[in-house]
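The values are calculated or read from the model by the stated rules, or taken from the named source; none is laboratory data. Everything numeric in this text was worked out from a predicted model, so none of it was measured. Counting neighbours? That spans all protein chains shown, and the Cβs are built from the backbone with ideal geometry, glycine included. To get the accessible areas, we keep the full protein, side chains included, count just its heavy atoms, and leave off ligands, DNA and RNA. Shrake-Rupley method; radii C 1.70, N 1.55, O 1.52, S 1.80 Å.
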Amino acid sequence: WLQGESDGGSYIEYKLKMQVLWEHLQELGFTHFFILRVGFWGSTSVINEIKAQTDFCAENENCYIVTKAPSLIPHPSANTTNWWISEPSSEYADCRDSYLANTSNHHFNEKAHKIFARRSAENINRILHLGLPPVLEEENIKGL
């Protein structure tokens, strides 16, 4: 679940949509729900989606956040004043590109997706094959 944060709305609405999706997935035979925590797109309202994802996983068996990396990558045109506990490490630099000329519509690029894939694969292996919980990045967002 690498989710578009613009689909959210309120904390309650977002969490309810995830619950409905999870119930449908279980009916189809899925046994686990893996989430790449939603990214930062220039508005602190995304904190509602981040909290909903976190609470959803805490409240539902076999539901896991497998990486927080998308929420730790800065958006070049966004004001992140009072967002970070500390500035993200250099690992997260240059992880966005604009696919649309002359816009500030910066999406995750190949470098970012490689970070997501590596972190997710390591944690999915821990969960499915080793029976261990995921090891997530240190929290860097205020208010969580």
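Taking (1) open to solvent by less than 60 Å² (accessible area, probe 1.4 Å); (2) within 18 Å of V135 (Cα to Cα) in turn, A58 satisfies each apart from (1). Which of the residues spanning the range 26-53 are open to solvent by 20 Å² or more (accessible area, probe 1.4 Å), at pLDDT below 95 and assigned to a helix (DSSP H, G or I)? If the condition is that a residue be open to solvent by 20 Å² or more (accessible area, probe 1.4 Å), at pLDDT below 95 and assigned to a helix (DSSP H, G or I), then I47, N48, K51 are the ones that fit. Once the range 75-91 is narrowed to residues that are open to solvent by 20 Å² or more (accessible area, probe 1.4 Å) and either in contact with a helix residue (DSSP H, G or I) (Cβ under 7 Å, 6 or more places away or on another chain) or outside any loop (DSSP other than H, G, I, E, B) (or both), the residue that is nearest to N140 (Cα to Cα) is P88.
Restricted to the range 105-137, and to residues that are out of contact with any helix residue (DSSP H, G or I) (no Cβ under 9 Å at 6 or more places or on another chain) and acidic (D, E), which residue is nearest to D55 (Cα to Cα)? Result: E122.
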